[in-house]
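The structure under discussion appears below in the form of structure tokens.
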Amino acid sequence: MTIPPQFSHLGLLILAALIFHGMLWARNGRFLARQWRTILAVVAIAELWMLVTDPIGGWRGAWFFAPEKVLGIWLFTYMPIEDLFGIAVVSSAAACAVLVFGYSPRRWI
């Protein structure tokens, strides 16, 4: 079974979200659930930063997305909607990892 090209980017993001968050939440779910405000704040700041800087980078030609590999919903002409989901996955996984490894009762560092 092959994934249609327009869903490839979104499919990989969903897979990454499930793997990274699954590993972090499997043993630390209660702790992370109590930290939801911190995680949400990190995601909100990352999304805001992305909404400001990503269109500038696309306009300047620093990167591009192949139109046939995204859903086709564009923000500010250069930014596919999957990009917002991508930064949410990365920033929330990073926030969860920092909280777990640095501040949880079972911290690994």
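Bear in mind that the values in this text are calculations on the coordinates, not laboratory data. No experiment lies behind these values; they were computed from the predicted model shown. A quick note on method: Cβ atoms are made from the backbone with ideal geometry, for glycine too, and the neighbour counts reach across all protein chains shown.
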Close pairs from segment 68-87: first free of Cβ contacts under 8 Å to residues at least 60 places away in the same chain, partner buried (at least 17 other Cβ atoms within 10 Å of the Cβ) and acidic (Asp, Glu), Cβ under 8 Å, at least 6 apart | 75/83; 76/54; 78/54; 79/54; 83/54
Per the filter on segment 24-65, residues over 18 Å from the mean Cα position of the chain (by Cα) and touching a residue at least 40 places away in the same chain (Cβ under 8 Å) are 27, 28, 31
Quick count over segment 36-59, residues being more than 15 Å from residue 95 (Cβ to Cβ) and polar (S, T, N, Q), is 1
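For residue 56, are the conditions met, namely being within 18 Å of residue 10 (Cα to Cα) and out of contact with any helix residue (DSSP H, G or I) (no Cβ under 8 Å at 6 or more places or on another chain)? Walk me through it before giving the result.
On the way: within 18 Å of residue 10 (Cα to Cα): no; out of contact with any helix residue (DSSP H, G or I) (no Cβ under 8 Å at 6 or more places or on another chain): yes.
Against the criterion (within 18 Å of residue 10 (Cα to Cα) and out of contact with any helix residue (DSSP H, G or I) (no Cβ under 8 Å at 6 or more places or on another chain)), residue 56 does not qualify.
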Going through segment 64-109 in order, the residues found to be in a loop (DSSP other than H, G, I, E, B), aromatic (Phe, Trp, Tyr) and either in contact with a helix residue (DSSP H, G or I) (Cβ under 6 Å, 6 or more places away or on another chain) or surrounded by 18 or more Cβ atoms within 10 Å (Cβ to Cβ) (or both) are 76, 78, 108
